[in-house]
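Undergrad: Pasting a structure below so you can have a look.
The values are calculated or read from the model by the stated rules, or taken from the named source; none is laboratory data. Quick caveat: nothing in here was measured; it's all calculated off a predicted structure. So basically every Cβ, Gly included, is an ideal-geometry build from the backbone, and we count neighbours across all protein chains shown. Ligands, DNA and RNA are excluded from the accessible area calculation, which covers all protein heavy atoms including side chains. Shrake-Rupley method; radii C 1.70, N 1.55, O 1.52, S 1.80 Å.
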Amino acid sequence: MHITILDGNALNPGDLSWDALKQLGTLTVYPRTEPKEVIERIGSSEAILLNKVNITEEILSACPNLKYIGVQATGYNVIDIEACKKHGVTVTNVPAYSTAAVAQLTFAFMSEAACRTKLHSDSVLAGDWTKSPDFCYWKMPLTELEGKTLGIFGYGNIGRRVARIAEAYGMKVIVCTRTQKPDIPNPVDFDTLLSQSDILTLHAPLTPQTDGIINKASLAKMKKSAWIINTARGAFVNEQDLCDALTQGTIAFYAADVVSQEPMQKDNPLLKAPKDKILITPHIAWAAVETRKRLLDVVIQNITAWSQGKSQNVVS
């Protein structure tokens, strides 16, 4: 079997090992692949692994030997699933591998917004504390998370983990989710979630219904003191509307690990938002070595199971 990895640098920039895949057949690894290179690089491969490379009907038609696509992520919106069904191509993903890491970054954002550790550390290292007439000082108001209402939009594995951590912080949790289950704490509708949340954190899947759900109209229903945390999908947010809300003071703070187009474009409106009201990281929630190792282990398990006729984590 010939296995081709089209964008290996995302999962493994060199600190993990592909050796287990080499035991399954011939392995070719490309760090990155441009759209115009996809068909040629797939070539006669029976199996491909990828993270963000788009696979279309055109590509599938041009690569008749292709029988398996292993998505090295949970989301598989880069794959034309219907075309894969038509061509008899099995597609697998890796669910739930990043739950701990995404929940961790969610609270890193909240803790930074509450404590402003970087701002104060920078001030101290610039010598400000040595000049202070008092034993302590703070450069802007600080916040306790205890007692705040955390609104969770989406209650899958990550939403549930975030709720558990929030309870340990002493926060009140309310949840809005499309799947109603008896164990959901304080379920509310979306408008109530917006109006009651001191902090709104997004953990739902991206669908036509959730695309752009944070916009001028929904932002107007929130508290002016509210924070929004987005570690899910950049497309949840109308970025121009959010920038306007931050600039005008109708929303207090926004933190995100994702934007609408990645890598971030130079004309993204969020780059013009007030710098003391925004934090953006470059899609790193999944990047801890332990998280990527867990992901790679399941990627290997998925393709091994498929090669043995016992496919798992199949999405097509």
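Undergrad: Could you report the stretch 103-170's accessible area per residue, 1.4 Å probe, as an integer in Å²?
TA: Solvent-accessible surface per residue comes out at 59 Å².
Undergrad: Under a 5 Å amide H to amide H cut-off, with H placed in plane at 1.01 Å, what residues pair with Ile278 once short-range neighbours are removed?
TA: The answer is Tyr254.
Undergrad: Let me ask another. From the helices alone, meaning DSSP H stretches of at least four residues, give me the mean residue ellipticity at 222 nm for the chain, per-run term -39500 (n - 2.57), in deg cm²/dmol to the nearest 500.
TA: After summing the helix terms and dividing by the residues of the chain, the value is -9000 deg cm²/dmol.
Undergrad: Summing Lys, Arg as +1 and Asp, Glu as -1, what charge do residues with Cβ under 14 Å from the Cβ of Gln209 carry, Gln209 excluded?
TA: 0
Undergrad: Be a star and scan the stretch 289-307 for residues whose amide nitrogen sits under 19 Å from the point 7 Å along the Cα-to-Cβ vector of Gln23.
TA: Those under the cut-off are 293-307.
Undergrad: With every protein chain kept in the model, how would you rank Thr247, Thr281 by accessible area, 1.4 Å probe, largest at the top?
TA: Descending accessible area places them as Thr247, Thr281.
Undergrad: Lys and Arg at +1, Asp and Glu at -1: add these up for the other residues within a Cβ distance under 11 Å of Asn230 and post the number.
TA: Its environment carries a net charge of -1.
Undergrad: Averaging sequence separations of C-alpha pairs under 8 Å and six or more residues apart, then dividing by the length of the stretch 1-152, give the relative contact order as a whole percent.
TA: In percent, rounded to a whole number, it is 17.
Undergrad: Just the number please: accessible area per residue for the stretch 192-291, 1.4 Å probe, all protein chains included, in Å².
TA: Accessible area per residue: 46 Å².
Undergrad: Roughly speaking, what % of Cα-Cα pairs in the stretch 37-123 are separated by over 16 Å, rounded to a whole number?
TA: 61 percent
Undergrad: Separate question: So what's Rg/Rh here for the stretch 221-270, counting alpha carbon atoms and using the Kirkwood radius for Rh?
TA: 0.96
Undergrad: Looking at Thr201, Leu219, Cys176, which one has the Cα that reaches farthest to the positive end of the dipole of the stretch 164-227 (charges on Cβ: Lys, Arg +1; Asp, Glu -1)?
TA: Final value for the positive-end residue is Leu219.
Undergrad: A further question on this structure: Probe radius 1.4 Å, ligands and nucleic acids ignored: give me the carbon and sulfur share of the accessible area of the stretch 252-293 as a rounded percent.
TA: It is 60 percent, rounded to a whole number.
Undergrad: Carbon and sulfur together cover what percent of the accessible area of the stretch 71-216 at a 1.4 Å probe radius?
TA: Taking all protein chains in place, the stretch 71-216 shows 54 percent carbon and sulfur surface.
Undergrad: Next question. Please report, to two decimal places, log10 I(q)/I(0) for the stretch 233-316 at q = 0.14, 0.26 Å⁻¹ as given by the Debye formula with identical point scatterers on the Cα atoms and no solvent.
TA: -0.64, -1.20
Undergrad: Once amide H atoms are placed 1.01 Å from N in the peptide plane, what residues at a sequence separation of 5 or more from Ile251, or on another chain, have their amide H within under 5 Å of its amide H?
TA: Placed amide hydrogens put Leu246 under 5 Å from Ile251.
Undergrad: Considering only the other residues whose Cβ falls under 13 Å of the Cβ of Thr92, what net charge follows from Lys and Arg at +1 and Asp and Glu at -1?
TA: +2
Undergrad: Something else now. For q = 0.19, 0.23, 0.26 Å⁻¹, what log10 I(q)/I(0) does the stretch 1-86 give under the Debye formula with an equal point scatterer on each alpha carbon and no solvent?
TA: Per q value, in the given order, log10 I(q)/I(0) is -0.82, -1.21, -1.51.
Undergrad: Related question: With N denoting the number of residues in the chain, provide Rg(C-alpha) divided by 2.2 N^0.38 Å, to two decimal places.
TA: 1.13
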